[in-house]
Amino acid sequence: MWLLWLFVALPIIEIALFIQVGGLIGVWATLGLVVLAFVLGVAVIRSQGSHAWAQAQRSLAELRDPSRPLAHGMMLILAGVLLMVPGFLTDAIGLLLVIPPVRELVIRQAGRRMQVRSVQMGRRETYRPPYADGVIDADYVVEENTGRPRPPLDLPEDIEGDGPSRRGNSGWTRH
């Protein structure tokens, strides 16, 4: 229910702020601030979002809990989106989320309301890697035996004659 009120109240607040700020600084300066906030939002998403994603990947590679870097990354992406949305209230919230101590405070407050049900770290092998335990992965074709040996697969087809591969060897090696 509170989400419905947010969707109703937010546009009304933003329109009221546009009217107030536009009356104080003028129409063109207000539009300039909106465009500047949009450009800043794009820059935040492009630079800080990729940086936070790299930190989360580094945490996973080091087998550490990636939740904090992921939370910071999501907050930065949310900050960028809020800066891109036209409006002064959303811009103010977006600018606040760019500041690391504010993000940390929001993460702590959200962490108090969340409950972890299970955490699993480590590797679970659900597949057999190739060549494990001496097993060689290969393909084969069953052919009819015509009595005449075939040349090895790694030799050109035009090699014929009484070479070592024709004298009873398997044909897989050259002598």
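The values are calculated or read from the model by the stated rules, or taken from the named source; none is laboratory data. No experiment lies behind these values; they were computed from the predicted model shown. Reconstructed Cβ throughout: ideal geometry from the backbone, glycine too, with neighbour counts over all protein chains shown.
Quick notes on this structure:
- Sole residue being among the small types (Gly, Ala, Ser), surrounded by 12 or more Cβ atoms within 10 Å (Cβ to Cβ), modelled with pLDDT of 90 or more and assigned to a helix (DSSP H, G or I), chosen from Ala52, Ala56, Ala37: Ala37
- Scanning segment 72-99 for residues that are surrounded by fewer than 20 Cβ atoms within 10 Å (Cβ to Cβ) and among the charged types (D, E, K, R) yields nothing.
- Top-ranked residue of segment 115-152 - restricted to ones that are among the aliphatic types (A, V, I, L, M) and either surrounded by 10 or more Cβ atoms within 10 Å (Cβ to Cβ) or touching a Lys or Arg at 6+ places or on another chain (Cβ under 8 Å) (or both), ranked as modelled with the lowest pLDDT: Ala132
- Flag for Ile13 being surrounded by 12 or more Cβ atoms within 10 Å (Cβ to Cβ), of a type outside the set (Ser, Thr, Tyr) and farther than 20 Å from Met75 by Cβ: yes
- Residue check, Leu17 at positive phi and out of contact with any Ser or Thr (no Cβ under 7 Å at 6 or more places or on another chain): no
- Flag for Pro69 being surrounded by 12 or more Cβ atoms within 10 Å (Cβ to Cβ), in contact (Cβ under 8 Å) with a residue 12 or more places away in the chain and farther than 26 Å from Met114 by Cβ: no
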